[in-house]
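Okay, structure first, notes after.
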Amino acid sequence: MKMLISYFFALLLLPSLVFSVHDSPVFNVLDYGAVGDGLADSTNAFNKTWEATCSSSSSSPTMYVPFGNTFLIHPLKLSGPCSSPGITIEINGNIVAPIEPSEWTCLTTHCDKWIYIKHVNGLTVRGSGTINGRGHKWWDVNDRRKPTAFDISHSQNISVSGLRFKDNPHVHFHIEDSESATVSNITIDAPAKSPNTDGIHLSSSRDVSINHCRIGTGDDCISIVDGCSNLKISNIICGPGHGISIGSLGKHGSNDTVENVLVSDVVFIKSTNGARIKTWQGGQGYAKNIIFERILSQDSHNPIIIDQFYCDHENCIEQDLAVQVSGITFRQILGTSQGEFAVKLDCSAKVPCTGILMEDIYIRSGTKREAKSYINSAHGFVKGQNLPEIRL
């Protein structure tokens with residue numbers, strides 16, 4: 001009996017492994033030296049925990065960040081491919097970044113990513129924890145080092161759910177060069193005046209679903225740029241923020257493409273924009289087969305906007321080339337607008353917007369002014385309700 005008890009306690013002391021009947025080991029960051037006091041640097045412990053998780057031959061190993069702890073992390077790269085076909089990162093504790101930009105220990109000369117996951121297929125990231133970049137001092141830094149908080153790239157079959165992202169220095173969550181991803185039930189929270197803090201940013205990714213998320217930030221709630229296709233975005237609350245944006249596309253003459261996007265069942269609350277497409281003059285490529293439907297605007301400034309003359313902090317000149325915008329549907333969009341134009345379709349005379357469908361639009365002014373529309377070189381059809389009056 002004494003030998004059996006000794007054997008049992010020896011198992012408990014083995015670092016990080018908690019066995020289940022399904023052989024699903026759990027690798028706890030505390031067992032690899034992480035200190036959850038929010039002060040001690042736990043980056044190395046997270047690296048060691050990841051190495052153990054990723055090298056496990058189990059069918060579903062888990063890297064575990066426990067509840068009730070706050071872990072200080074410098075830029076961290078979690079690379080695959082891993083031995084298992086399915087990897088879980090469960091974050092129930094909180095992760096924080098150094099407060100001062102000068103204190104960050106970066107992986108390269110640039111702090112362009114904070115938590116970076118690459119080449120990990122079958123990835124599940126879940127939990128109730130918060131990823132807090134404490135970015136207030138970064139927002140005053142005018143350089144290119146501002147890090148994206150959470151970046152998943154070159155991966156397939158991804159699921160991210162339950163987490164909270166708060167006050168990150170730059171983009172909160174980026175999915176790039178990936179496919180077959182689901183993002184659900186996450187919360188993103190940053191002040192309206194936090195610059196370039198996009199909530200969820202998608203680039204060069206396809207077959208992505210984003211649903212049941214609450215996003216308030218200082219830039220686009222969701223931004224979709226070059227190389228994205230087959231996206232479904234639904235049940236989103238956005239505000240503050242710059243809306244759900246296709247683009248920007250075509251900057252500095254680039255050839256950018258986005259296609260097959262469905263955005264539905266969204267509430268915009270006092271956001272700068274709502275359903276938005278933005279492209280630069282002189283660009284090439286296309287934005288096509290895009291649907292915005294069943295949307296409520298609560299005092300957004302531009303509830304519906306296509307802007308083919310987008311120019312952000314640069315000296316722009318009028319050019320003949322433009323990203324082609326076609327096959328765009330705005331359907332069942334209602335509510336109130338605080339801006340001069342509830343509907344603004346500002347397209348290029350050289351490369352006009354075509355195949356535009358406006359169906360059942362009912363947007364009143366949230367001020368004493370009358371709701372207006374502005375239509376320039378946009379062609380298509382209007383059906384159903386039509387307020388403000390729209391002529392294509």
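Quick notes on this structure:
- Restricting the stretch 59-74 to residues that are part of a loop (DSSP other than H, G, I, E, B) and at pLDDT 95 or above, the residue that is most open to solvent (accessible area, probe 1.4 Å) is PHE67.
- Of all residues in the stretch 192-217, those that are in a loop (DSSP other than H, G, I, E, B), open to solvent by less than 10 Å² (accessible area, probe 1.4 Å) and more than 18 Å from GLY162 (Cβ to Cβ) total 4.
- In the stretch 79-114, the residues that are farther than 16 Å from SER159 by Cα and assigned to a strand (DSSP E or B): SER79, ASN94, ILE95, VAL96, LYS113, TRP114
Every residue, every condition in (1) in contact with a Phe, Trp or Tyr (Cβ under 8 Å, 6 or more places away or on another chain); (2) open to solvent by 10 Å² or more (accessible area, probe 1.4 Å), yes or no:
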| position | (1), (2) |
| --- | --- |
| GLY133 | yes, no |
| HIS136 | no, yes |
| TRP139 | no, yes |
| LYS146 | yes, yes |
| SER155 | no, no |
| GLY162 | no, yes |
| GLU176 | no, yes |
| ASN185 | no, yes |
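- Filter pass, SER223 being in a strand (DSSP E or B), in contact (Cβ under 8 Å) with a residue 60 or more places away in the chain, more than 21 Å from ARG331 (Cβ to Cβ) and polar (S, T, N, Q): no
- Within the stretch 352-384, the set of residues being modelled with pLDDT of 95 or more and open to solvent by less than 40 Å² (accessible area, probe 1.4 Å) comprises PRO352, CYS353, ILE356, LEU357, MET358, ILE361, ILE363, SER373, SER377, ALA378, GLY380.
- Applying a threshold of 7 Å to beta carbon distances and a minimum spacing of six or more residues, or different chains, the list of pairs starting in the stretch 269-286 at a residue that is in contact (Cβ under 8 Å) with a residue 24 or more places away in the chain and ending at one that is aromatic (Phe, Trp, Tyr) reads GLY274/PHE268; ALA275/PHE292; ALA275/PHE330; LYS278/TYR310; THR279/TYR310; TRP280/TYR310; GLN281/PHE309.
- Screening PRO101 on (1) touching a helix residue (DSSP H, G or I) at 6+ places or on another chain (Cβ under 8 Å); (2) on the phi > 0 side of the Ramachandran plot shows it passes everything except condition (2).
- Checking LYS350 against (1) of a type in the set (Lys, Arg); (2) outside any loop (DSSP other than H, G, I, E, B); (3) within 23 Å of ASP256 (Cβ to Cβ), the condition it does not meet: (2)
- Boolean, SER234 is over 11 Å from the mean Cα position of the chain (by Cα), farther than 29 Å from GLY80 by Cβ, assigned to a strand (DSSP E or B) and of a type in the set (Gly, Ala, Ser): yes
- Summed over the stretch 237-252, residues that are open to solvent by less than 10 Å² (accessible area, probe 1.4 Å) and not in a strand (DSSP E or B) total 4.
- Scanning the stretch 71-87 for residues that are hydrophobic (A, V, I, L, M, F, W, C) and closer than 20 Å to ALA97 by Cβ returns PHE71, LEU72, ILE73, LEU76, LEU78.
- Taking (1) over 24 Å from the mean Cα position of the chain (by Cα); (2) touching a residue at least 60 places away in the same chain (Cβ under 8 Å); (3) farther than 21 Å from ARG164 by Cβ in turn, PRO61 satisfies each apart from (2).
- Near pairs, Cβ below 8 angstrom, 6+ apart or cross-chain, from the stretch 124-136 (touching a residue at least 12 places away in the same chain (Cβ under 8 Å)) to any residue that is part of a loop (DSSP other than H, G, I, E, B) and open to solvent by 70 Å² or more (accessible area, probe 1.4 Å): SER128/PHE67; GLY129/PHE67; ARG134/ILE99
- Some residue of the stretch 44-57 being aromatic (Phe, Trp, Tyr), buried (at least 19 other Cβ atoms within 10 Å of the Cβ) and under 17 Å from ARG134 (Cβ atoms): no
- Among the residues of the stretch 159-176, those that are under 18 Å from VAL225 (Cβ atoms) and in a strand (DSSP E or B) comprise PHE173, HIS174, ILE175, GLU176.
- Some residue of the stretch 96-115 being among the polar types (S, T, N, Q), modelled with pLDDT of 95 or more and either within 28 Å of ALA192 (Cα to Cα) or open to solvent by less than 70 Å² (accessible area, probe 1.4 Å) (or both): no
The values are calculated or read from the model by the stated rules, or taken from the named source; none is laboratory data. Here the structure is a predicted model, which means the values were calculated and not measured. In this analysis, Cβ positions are derived from the backbone assuming ideal geometry, glycine residues included, and neighbour counts consider all displayed protein chains. Surface accessibility is based on the protein's heavy atoms, side chains included, excluding ligands, DNA and RNA. Shrake-Rupley method; radii C 1.70, N 1.55, O 1.52, S 1.80 Å.
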